[in-house]
Structure formats: structure tokens, C-alpha cells
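Have a look at the structure below, then the notes.
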Amino acid sequence: INGTLELDGICGPGDRDPCWVKARGVRVGRSLSARKSKLRQPWPAATTWPPDEPGWQDLTGPFALDLAGAEIGGSLILWPEFEATGGVSISGATIGEGLRAPGARLDAADLGNSDDALFAQYARISGPVFLGMDDDRPVRAQGPLNFYGAEIEGAVDLTDVEATASRDLAKSALFMPAVSVAGDASFYPGRLLSVELDNATFGARLDIYGS
């Protein structure tokens, strides 16, 4: 896709009906947006993974929005009022102008290995990561924000994020081992509850509020 990809306003026919997007490896020349979309993966938490349905056998776990390996020339815009019951994967993705998800609601699928609310492992983001407040609506995540090994060339603002560790407590609410951040970074551990920054590199200012 040479231009933009708009997934705006996508939702199921009812509040709890499934509606998900699986676009692994998609190439988008400009920005990708999912404004006011309410996504939900279709399997309940007790489902044995993988299921019998074709197309899912090669995945270690599902996501409500799966953009693993995507190449996005512009920004990834999950705002305003974005919700993903089943989490979001941008693992191994390349994003040219940043990730913006103020006020997002992200709940991990807790199926197979999908226990992250945001799975951004080894993502390469050539701009800022902003998961902040949208008016009076903070980002709320049931499950970790996993940036393991990610490369972020801009600033990172996570001061208005409420997140939880993985169910087995193996991963902190903010899981950023081996991450590289070129710009300023701001965290608020009082809301994140647990933060892991082993071997992380910060090229500018690091602010940890409430520590």
C-alpha cells in the first residue's frame, strides 16, 4: 500500500463480539491508523492453543491487532478511543514516524504465549512513543508493555500509563530489557507497578517519577 491504511472505527456488531485484524508483514507507505476501533480476539482465555482453525497453527498466540513484521512509513496511530481485547503486536515492525496511543485500552489475550498487552519486541521506531493521557483517559493495560530489544529513535512518554505484570509475573508491567532510546524517556512507576530496564540504553534524559 503506497499511501495510508485506515482501520478506523472497526468493531464487532456487539460490544463483546469478536473483531480482529491480522496483517503480519504488511507494507504501508504512509501512516496506519485505527481511530476509535474496538478490536477483540475471538477465543476465551481458557482455549487450548493453537486452535483447529486454519491460519493460526503457526502462531504462538493471537493478538487483536497483529502487525508483526509490518513496515509502516509514517506513524502508527491508535488514538482516540482505541481498544484491543487481545492486545497489539508490532514485534519486529518498522515504524517511520512514531507510535501514538493516548488513552488506549490494551488487554492481553493470555492464550499460548500471548501474554503482552503491547508486544513491541525488536520493533524499530524512528520517532516518539507516546502512550499518555487523552483528556482524562489514561492508557490502561492488562498485561505487560513489552519493548524487549526495541530501537526507539525519538522520545518515550509513559507517564500516564496503568499496566500490570504478566499473569505468571515473569515479565514486569513495563518490560524494556536491552531497549535503545535515543530521546528523552519518562516513566511513572507508581502506575506501572513494576519496571525492568536491564541493559537498556538511554541517549538523553531519563525521568522516573514517583520513585
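Structure above, values below:
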{"item": "Net charge contributed by nearby residues that have their C-beta within less than 12 Å of GLN121 (K/R +1, D/E -1)", "result": "0"}
{"item": "Per residue value of the accessible surface for the chain (all protein chains in place, 1.4 Å probe), Å²", "result": "45"}
{"item": "Helix-derived mean residue ellipticity, 222 nm - over the chain, DSSP H n ≥ 4, -39500 (n - 2.57), to 500", "result": "-500 deg cm²/dmol"}
{"item": "Under Karplus coefficients 6.51, -1.76 and 1.60, residue-wise ³J(HN,Hα) of segment 10-23 in Hz, glycine/proline x", "result": "6, 6, x, x, x, 4, 10, 7, x, 6, 9, 10, 10, 9"}
{"item": "For segment 41-140, share of DSSP beta bridges that run antiparallel, in % to the nearest 5", "result": "10"}
{"item": "Percent carbon-and-sulfur accessible area, the chain, ignoring ligands, DNA and RNA, probe 1.4 Å", "result": "45"}
{"item": "Dipole axis of the chain (+1 Lys, Arg; -1 Asp, Glu on Cβ), positive-most option in LEU65, PRO144, VAL181", "result": "LEU65"}
{"item": "Relative contact order for segment 1-156, counting Cα pairs under 8 Å that sit 6 or more residues apart, in percent", "result": "19"}
{"item": "Integer Hz, Karplus 6.51/-1.76/1.60 couplings in order for segment 33-47, x for Gly and Pro", "result": "10, 9, 5, 6, 7, 10, 9, 8, 6, x, 9, x, 4, 7, 5"}
{"item": "Candidate values (1) 0.94; (2) 1.24; (3) 1.05, label of the one derived for Cα Rg over 2.2 N^0.38 Å", "result": "(1)"}
{"item": "Highest-MSF residue in the chain out of LEU197, LEU67, LEU145 [GNM, Cα springs under 10 Å]", "result": "LEU197"}
{"item": "Only Lys, Arg (+1) and Asp, Glu (-1) charged, at Cβ; segment 82-147 dipole about Cα centre in debye", "result": "180"}
{"item": "Whole-Å distance, taken between Cα centres, linking segment 57-133 and segment 155-211", "result": "16"}
{"item": "DSSP loop trypsin sites (Lys or Arg not before Pro) with at most 16 other Cβ within 10 Å: longest gap in the chain", "result": "37-166"}
{"item": "DSSP beta bridges in segment 58-196 [antiparallel fraction, %, rounded to 5]", "result": "5"}
{"item": "Highest-MSF residue in the chain out of ALA170, ALA101, ALA141 [GNM, Cα springs under 10 Å]", "result": "ALA170"}
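The values are calculated or read from the model by the stated rules, or taken from the named source; none is laboratory data. Values in this document were obtained by computation on a predicted structure and should not be read as measured data. When we count neighbours, we look across all protein chains shown, and the Cβ atoms used for this are built from the backbone with ideal geometry, even at glycine. We work out accessible area using only protein heavy atoms, side chains counted, and drop any ligands, DNA or RNA first. Shrake-Rupley method; radii C 1.70, N 1.55, O 1.52, S 1.80 Å.
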